[in-house]
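Notes for the one structure printed next.
The values are calculated or read from the model by the stated rules, or taken from the named source; none is laboratory data. Keep in mind that what you see is a predicted model, and the values were worked out from it rather than measured. Positions of Cβ are generated from backbone atoms using ideal geometry, with glycine treated the same way; all protein chains shown enter the neighbour counts.
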Amino acid sequence: MGYHIHPDIAARLLPNARTADIGTGTGRNSSNLEIFFLDARQPIIPELEGTYDLVHVRLLAMGLLQSDWRPVVSNLTCLLKPGRALQWEECNFLTATHQGTNPATTFEAVRTIENLLLDAFSKHFVWAGVLF
Ligand SMILES: C[S@@+](CC[C@H](N)C(=O)[O-])C[C@H]1O[C@@H](n2cnc3c(N)ncnc32)[C@H](O)[C@@H]1O
């Protein structure tokens with residue numbers, strides 16, 4: 001994408017801005033970090049409500065059902081201070097293609113993996129056509 005935080009959002013963030021990275025993984029490369037265990041499908045704990053300048057989400061969609069989207073967006077926006085931003089990035093797995101990296105990989109092997117992924121994701125991403 002060419003950026004981590006969208007330039008329009010970054011321009012409005014103060015130096016002491018608080019960011020909530022949802023589904024952050026291990027967070028092992030982060031400093032100045034507080035970790036909370038939460039399920040984004042469940043209501044946010046009251047002490048975190050309205051306390052963040054940016055809520056960031058990346059690659060969460062695979063763990064969500066279509067019926068989860070509305071509560072998840074609602075729950076995550078509860079984390080924000082008024083007027084602040086939610087940035088969410090996903091990959092369109094349904095149209096992802098192999099660009100070629102390691103010359104030792106065969107096209108057939110990559111195609112097989114691609115088809116397995118496509119098959120699995122098509123069933124899971126019944127909502128994807130709405131987004132992409
Ligand atoms: C594909 S990983 C992405 C990790 C990281 N965001 C990144 O982009 O590298 C998906 C992450 O979402 C978390 N996750 C899945 N379902 C979740 C949920 N309902 N609430 C919060 N986190 C969830 C998983 O534990 C995992 O850390």
(request) Could you list all residues from region 79-94 that are in contact (Cβ under 8 Å) with a residue 24 or more places away in the chain and surrounded by fewer than 15 Cβ atoms within 10 Å (Cβ to Cβ)? (result) K81, P82, E89, C91, N92, L94
(request) Kindly indicate the residue of region 45-63 that is farther than 24 Å from P7 by Cβ and within 17 Å of the chain's Cα centre (by Cα) and also farthest from the ligand (Cβ to nearest atom) among those meeting that condition. (result) M62
(message) Let me spell it out: the conditions are (1) touching a Pro at 6+ places or on another chain (Cβ under 9 Å); (2) under 18 Å from H6 (Cα atoms), and I22 meets all of them except one. Which number is the exception?
(response) (1)
(message) Among (1) surrounded by 11 or more Cβ atoms within 10 Å (Cβ to Cβ); (2) away from the ligand (no atom under 11 Å from the Cβ); (3) among the β-branched types (V, I, T), there is one condition I22 misses while meeting the rest; what is its number?
(response) (2)
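To keep it simple, each residue is scored yes or no on (1) in contact with a strand residue (DSSP E or B) (Cβ under 6 Å, 6 or more places away or on another chain); (2) of a type in the set (S, T, N, Q).
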| position | (1), (2) |
| --- | --- |
| R41 | no, no |
| T51 | no, yes |
| V55 | yes, no |
| L65 | no, no |
| P71 | no, no |
| L76 | yes, no |
| L80 | yes, no |
| A85 | yes, no |
| W88 | yes, no |
(request) Scan I22, I44 and give me the residue that is more than 30 Å from L116 (Cβ to Cβ) and either among the basic types (K, R) or in the same structural domain as D8 (by TED's automatic domain parsing) (or both). (result) I44
(request) Consider I5 carefully, then state whether it is surrounded by 13 or more Cβ atoms within 10 Å (Cβ to Cβ) and more than 14 Å from the ligand (Cβ to nearest atom). (result) no
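Matching residues to (1) more than 17 Å from G63 (Cβ to Cβ); (2) touching a strand residue (DSSP E or B) at 6+ places or on another chain (Cβ under 6 Å):
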{"site": "G2", "(1), (2)": "yes, no"}
{"site": "D8", "(1), (2)": "yes, no"}
{"site": "A11", "(1), (2)": "yes, no"}
{"site": "A17", "(1), (2)": "yes, yes"}
{"site": "G25", "(1), (2)": "no, no"}
{"site": "S30", "(1), (2)": "yes, no"}
{"site": "P46", "(1), (2)": "yes, no"}
